[in-house]
Each structure stands twice: as structure tokens, then as C-alpha cells.
């Protein structure tokens, strides 16, 4: 049981996926709030297995709705992180959607002109 805590963490999205299992699934290492919900566990398991984008969207919409209903924790701040690079560095993705998450995992594809 937990009354409350304050820490800096993220909702999920590891490996560029919308999956929040590391934060919301029962028994996970990053589940600092100790949130436990059989339905959430089931939805998160379905989400990572599903390959159809439309079905995944519906699953993760239900994950978000359940999170909003249960409120296992509340975000009290949001930080913007910026990475600035010289124009001489080439091969950088132009958007996060092009595989920049995590950005530095793709550093082997960069070069300097």
C-alpha cells in the first residue's frame, strides 16, 4: 500500500513502442507506485502481441482510459528535452517517428562531413 511519492519517471514507450508495461504492469521493476490491475496487465500483454495497427490503437486507448480511471500516479511536471547537433553531422533522423527513440542507439548510422 502506498499513500504517495514524488519522483521523476516516464509513462513508458521503451524501444519506441507505446507500451507502458515497465511502469504499469504488476510486479515490474519500474512500477514504483506498485499499481496492480489484472485488466491493465491483460491489456498491456495484448498490446505488445497485436500487430494490427487499428487493434493496437483500440487496446492502448483502453489502457489510457483505465489509467485515467484508476489514477495510479499523477504527473506534476513535464520536461522538454532538446538535442542540438552541428549541421556537419549527417544521418540524423529528422523526426522521432523515424527511429530516433532512443536517439543515441542509432549513433552508428551518423557521419561527419
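The values are calculated or read from the model by the stated rules, or taken from the named source; none is laboratory data. Computed from a prediction, not measured in an experiment: that's the story for all the values here. Cβ placement follows ideal geometry from the backbone for every residue including glycine, while neighbour counts extend to all protein chains displayed.
Before moving on, here are some points about what is shown:
- Scope region 17-40; condition buried (at least 17 other Cβ atoms within 10 Å of the Cβ) and in a helix (DSSP H, G or I); matching residues: 21, 22, 23, 24, 40
- Filter pass, residue 34 being modelled with pLDDT of 75 or more and on the phi > 0 side of the Ramachandran plot: yes
- Those residues of region 41-70 which are out of contact with any helix residue (DSSP H, G or I) (no Cβ under 9 Å at 6 or more places or on another chain) and in a helix (DSSP H, G or I), in sequence order: 42, 49, 53, 54, 57, 58, 61, 64, 65, 68, 69
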